[in-house]
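Encoded as structure tokens, the structure appears first; notes follow it.
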Amino acid sequence: MALKSPMIKRGLALRAAYVWGQGVSITARDDKVNDVIQRFLGDPGNRRTLTGDQAHETLERALGTDGNVFLACFTSPRTGRVQVRHVPWDEITDIICNPDDASEPSYYKRDWWTERIDPVVGARITERRIAYYPALGFRPLARPKQIQDLSGAGPVQWDAPVYHVRVGGQSGWKFGLPDAYAAVDWAQGSKEFLPD
């Protein structure tokens, strides 16, 4: 509907313009801290994924159409450099929460397929991959190297914690619900009303 319905498409564009139309600037009072922040914000990969104008619009639209944005913060253990990358929402198949507090995520299970070309024979190779990413801020004392469930085992990517932005949905839901979902019936109704 976000691609086909002019009403929903326009609503999502207005939302992005309202939220990000005047841009955003982030600075710190301390010069050394500000240098670190500006390097993070200005990193070409981070601009493409998170901090650039086009990234702002893309992520805002994703909240309206998908209800979830997953950002993996790949961190260099040597330098501390953080590169943020978007993880497609449909590759996150489960969110494992604290058993005593369902509102506190611990791990995000990612299940996806990759394709590559074998450089020796030139064959196209498709592989299924499973990995677990810790939630940003989750720092347990014991850090398992991998987690296993019924679908198989996957390594835990401790150097890439995930930040999950969720909109819509109800209390207790692990995943969000797109904001545009509520407008689908109105968009269908206006489509039928206009020709009448």
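Quick notes
- Computed over protein heavy atoms with a 1.4 Å probe, the carbon and sulfur contribution to the accessible area of the chain reaches 55%.
- Residue among 61, 81, 124 with the largest mean-square fluctuation in a Gaussian network model of the chain, springs linking Cα atoms under 10 Å: 124
- Adding -39500 (n - 2.57) for every DSSP H run of four residues or longer, then dividing by how many residues the chain holds, sets the calculated 222 nm ellipticity at -8000 deg cm²/dmol.
- Shape of segment 121-196, Cα gyration tensor, a/c cut at 1.5: oblate
- The count of lysine pairs in the chain whose Cα atoms are under 16 Å apart, excluding pairs fewer than 8 places apart on the same chain, comes to 4.
- Each Lys and Arg adds +1 at its Cβ and each Asp and Glu adds -1 at its Cβ; summed about the Cα centre, the chain shows a dipole of about 560 debye.
- Label selected from (i) 0.97; (ii) 1.03; (iii) 1.00, the criterion being Rg/Rh (Cα atoms, Kirkwood Rh) as computed here: (ii)
- For the chain, the longest principal axis of the alpha carbon atoms and the long axis of helix 53-65 meet at an angle near 70°.
- DSSP-assigned coil residues among trypsin sites (Lys or Arg not before Pro) in segment 125-196, each with at most 12 further Cβ atoms within 10 Å: 145
- About its Cα centre, segment 1-48 has a charge dipole of approximately 420 debye under the convention of +1 per Lys or Arg Cβ and -1 per Asp or Glu Cβ, with nothing else charged.
- Normalised per residue, the accessible area of the chain is 69 Å², obtained with a 1.4 Å probe and no contribution from ligands, DNA or RNA.
- Whole-angstrom gap from segment 36-91 to segment 136-159, using each part's C-alpha centre: 22 Å
- Segment residue 19-residue 177, length gained on full extension (0.36 nm per residue, minus Cα span): 55.0 nm
The values are calculated or read from the model by the stated rules, or taken from the named source; none is laboratory data. Computed from a predicted structure; not experimentally measured. Note that we place each Cβ from the backbone using ideal geometry, even for glycine, and neighbour counts take in every protein chain shown. Surface accessibility is based on the protein's heavy atoms, side chains included, excluding ligands, DNA and RNA. Shrake-Rupley method; radii C 1.70, N 1.55, O 1.52, S 1.80 Å.
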